[in-house]
Each structure stands twice: as structure tokens, then as C-alpha cells.
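First comes the structure, then the notes that go with it.
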Amino acid sequence: MNNAIAAADRGYTGRKRRGTLAQVLFRLRKSPLAMFGLIFIVCLTFVAIFADVLAPYPYQKQNLVHSFETPTKQFLLGTDEFGRDILSRLIYGARISLQVGIIAVGIALIVGGMLGAVAGYYGGWTDNAIMRVMDVLLSIPQTLLAIAIAAALGPGLFNLMIAVGISAVPNYARIVRGSVLSIREMEFVEAARAVGSSDLRIILKHIIPNSMAPIIVQSTLGVASAILNAAGLSFIGLGIQPPYPEWGAMLSGGRQYIRDYAHLTLYPGLAIMLTILALNFLGDGLRDALDPKLKR
């Protein structure tokens, strides 16, 4: 009897209690769409990392003799107007798209997260000042704001990541602020104040780690939005410039030939669509898996 009670106190109920990550993965496996999204993103990340090995040809290699070829054994997805292999450019494009998406979300998360945490923790005039600025930015459509920033900074990979990241800052600020408002009055925060912890330590060590669930979900969905916005900016000439193989730029380059050579736009469009779809499926699955009401 005593052994059973001791086992229960240690977290055993006939089997070891699952860790937090294991619980999330266990619930995530219940969603086929979320698992599809996870597997797709893992495979895409693998392709992006090993693009130099997996791509049949260098992305910038031109061969005008093979211009506008439809899919063949030599060129599995055909070639573009300069005779460049589309499959190779899609593989290298995955590296650029994921890089832009992840770094842009990182910028938005760091800047917006800190602003939201400060606003929610201190409240009062600090909250009002920060959130009114965020409200002004939220009144501008995110894509339009990204276009304005990219136009001011100029085209290029680095400027593209900054433009997409800054345009998403208000969303993360509001989400983090909402989480902080619900956590800052909890007992463990009061205990940290009682032992003399500084405000910065409380925010970084206690509040933000306990606000991670909504942040993780928003970050996953945010990567999808960042990739889509980056593709849109490249499509209108404000993002990645040729010859770099960004998917949006590939769409833009192939649109003038779409009637005769639809494959120039079909494959980049499918790559964008499937990546966004997979990230949205994964984000929805993580939202359900991280929901405290569904924990068992």
C-alpha cells in the first residue's frame, strides 16, 4: 500500500507519466493532417539542408539549347527560358524560403514578444503606449506594410527578411501580451517577487516560458505567412532578385510564358501551396495538442 502511494507521488500510475514533449507528440499523432504537415516539413527541411547534394544541377547553370523543355528523363520537371533545371531551382528555393520564413518569424517573435511581455507585465501607461503603436500597425494590412518596408529598404534577401519580420511584430505583441496578463498574477510570479527577483528575470524565467503554447502555434502559422509574403514580394520585384531561385521570383519569371509553358509556374506554385498547407495543418495540430483542456 505504501509503495503504491509512493509510486503515485512520484508520478506513476502503472506506467511512467509522459513528459510534456511526449504528451504533445502523442496527441499530435491522433491528427493525420498534422502528421502529414510534420512529415512534409521535416522532408522539406532535409531537402533544403542537403540541396547541394540532392539537386541534379547547379541552380544558376544555363543551357539555351534546352530552353523551355517539358519534363523529360534528363530534366524531371522541365527547364525554364534559360535552360535551367526547374527541379534544381525548386530544391534550392526551399532553402531560401525556409530561411526567410524562420528568420522573419524569429525577428517578429523577439521584437514583438518583448514588447508584448513588457506591456502585459507593467500595464498602465507603458501598456497603453506600446499597444497603441501596435494598433496603428495592425490597422495596415500586413502584406501592404511589408511592401512599404521592402520598398523603403530595397530588394534583397536581408531586407526581405526584415520587411516580413517587422510587418508581423504586432501579431506577436498582442498574443504575448494576452498570455502575460493571465500569468502575471499567478502564485509563482508572486513568489518570485517575494524573494526579490528582478522584473527582467521574472519575465524571462517565469512568464515567457509559461506563455510558450500560444507562441509556438502562432510561430508555426507565422512561418507559413512569412513564406507567402516573401513569395509575394519577390513576385512583384521587391524580394529575392535573379538568379537566386526563390519560389515567388520563379512564378514571376514564368508568368509571361504561362500560356505556352505552364510548367514554369505550375511547379513553383505547387511548392508554395503544399508548404503553406503543411504548415497550416501542423499549426492546427499543435494548437489542439497544446490545449490544456485536452490534456489527459
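None of the figures in this text is laboratory data; all of them are computed from the coordinates on show. Since this is a predicted model, take the numbers as computed values, not measurements. Glycine also receives a Cβ, built like all others from the backbone with ideal geometry; neighbour counts cover every protein chain displayed.
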Checklist entry - Any idea what log10 I(q)/I(0) is at q = 0.13, 0.17, 0.19 Å⁻¹ for the stretch 125-272, Debye with uniform C-alpha scatterers and no solvent? => result -0.72, -0.97, -1.09
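Explain nothing, just the number: dipole magnitude of the chain about its Cα centre with +1 on each Lys and Arg Cβ and -1 on each Asp and Glu Cβ, in debye rounded to the nearest 20.
The dipole of the chain has a size of about 1060 debye.
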Item to check | the stretch 73-136-the stretch 141-200 distance, computed between alpha-carbon centres (Å) | outcome: 13
Checklist outcome for this item: The convex hull of the Cα atoms of the stretch 113-170, divided by residue count, gives a volume in Å³ per residue of 70
Checklist outcome for this item: Residue by residue through the stretch 171-178, the couplings from Karplus 6.51 cos²θ - 1.76 cosθ + 1.60 with θ = phi - 60°, in Hz, x for Gly and Pro, are 4, 6, 4, 5, 5, 5, 4, x
Checklist entry - P(r) for the stretch 54-98: what percent of alpha-carbon pairs falls in each 10 Å bin, starting at zero? => result 33, 55, 12, 0
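Sort 50-61, 110-121, 186-197, 89-100 for me by packing, meaning the mean count of neighbouring Cβ atoms within 10 Å per residue, highest on top.
Values: 50-61: 14.8, 110-121: 21.8, 186-197: 11.8, 89-100: 23.8.
In descending order of packing, they fall as 89-100, 110-121, 50-61, 186-197.
How charged is the neighbourhood of Met131? Take every other residue with its Cβ under 13 Å from the Cβ of Met131, and add Lys/Arg as +1 and Asp/Glu as -1.
With Lys, Arg at +1 and Asp, Glu at -1, the neighbours total +1.
Please compute the alpha carbon radius of gyration of the stretch 92-202, then divide it by the globular-protein estimate 2.2 N^0.38 Å. Two decimals is fine. Write down the numbers at each step before the final one.
Numbers: Rg = 16.7 Å, N = 111, 2.2 N^0.38 = 13.2 Å.
Compactness ratio reported: 1.27.
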Item to check | Distant alpha-carbon pairs in the stretch 209-296 (separation over 14 angstrom), percent | outcome: 68
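Per-residue ellipticity at 222 nm for the chain, helices alone: DSSP H runs ≥ 4 residues times -39500 (n - 2.57), over residue total, nearest 500 deg cm²/dmol?
Numbers: 14 runs with 200 residues, N = 296.
Estimated from H runs of four or more residues: -22000 deg cm²/dmol.
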Next on the checklist: Quick check: convex hull over the Cα atoms of the stretch 172-251, volume per residue in Å³, rounded to an integer?
Outcome noted: 107
Item to check | Expected-Rg normalisation [2.2 N^0.38 Å, Cα atoms] applied to the chain | outcome: 1.22
Checklist entry - Counting Lys and Arg as +1 and Asp and Glu as -1, what is the net charge of the other residues whose Cβ lies under 11 Å from the Cβ of Tyr261? => result -2
Item to check | Residues with amide H under 5 Å from that of Glu69, placed H, sequence gap 5 or more | outcome: Thr79
